[in-house]
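Remarks on the structure that follows.
Taken together, the values in this text are just the output of simple stated rules run on the coordinates, not laboratory data. Small disclaimer: the values here were computed from a predicted structure and weren't measured. Ideal geometry is used to build each Cβ from the backbone, glycine not excepted, and the neighbour counts take in all protein chains shown.
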Amino acid sequence: MSVSDEQITKLFKARRTVLQMLRDRGYSVDDSDIQTTRRQFIEKFGDNIHLKRDDLLIHCNKGDAPIDQIYVFFPAELKVGVPMVRNCAKRMKADNVFNAILVVQKALTAPAKAAINEINSYFHMDVFEEAELLTNITEHMFVPKHTVLTDQEKKKLLEKYRVKETQLPRILVSDPVARYYGMKRGQVVKITRESVTADTYDTYRYAV
């Protein structure tokens, strides 16, 4: 089945946002990949007849931890079910890749969601619908800068203010920005906002 011009534009935008997301999560992504134009995207992956979603697969690692790798899958199925989820998990296991992002066209079926929860006891797979990735939420003017703290930075923060992590204000892991950064329960994010005096101030949130 051919891909329409509108679908190509959606795929182009979604893939660009995913590349930005990976970079913001600390993965090694070339600027040239993020800055790819729509025309270059078509030249690389094909036009509305030849473009295959499976060809959009992304595989990269974190610069400071080459063993920390991630896959981004773009399933061709309109509605992803259990077989596709298991096929992705099978590839991850074979290649020793423990993190993944699944970009789907429509919401997962209930059995597929259950399969994701099952494999996430071993792997970590985030799921985004294409529509969620057409724009980068972190570039919105009303979204302040978020920085996920490392375990060491979190430890220093708690020691500095002599508080327990559970005493910090909370952010849900289901929050759109938390999902963008792939936050897990127990992590702490620093949120930097501008004040009315044009200075900045930091607040912290604990992911639950």
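At-a-glance table
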{"read-out": "Share of pairwise Cα separations in the range 151-208, more than 13 Å, in percent", "value": "63"}
{"read-out": "Separation between Cα centres of the range 56-79 and the range 176-208, rounded to whole Å", "value": "25"}
{"read-out": "Cα-Cα separations in the chain greater than 21 Å, expressed as whole percent", "value": "59"}
{"read-out": "Other-chain or far-sequence residues with amide H under 5 Å of Val127's (modelled H)", "value": "Leu102"}
{"read-out": "Debye, to nearest 20: dipole size of the chain, +1 on Lys, Arg Cβ, -1 on Asp, Glu Cβ", "value": "640"}
{"read-out": "Beta bridges per DSSP with both ends in the chain, % antiparallel, nearest 5", "value": "60"}
{"read-out": "Per-pair calculated FRET efficiency, R0 = 35 Å: Arg91 and Lys156 via Cβ, rounded to 0.05", "value": "0.40"}
{"read-out": "Helical contribution to [θ] at 222 nm, DSSP H n ≥ 4, -39,500 (n - 2.57), averaged over the chain, rounded to 500", "value": "-10500 deg cm²/dmol"}
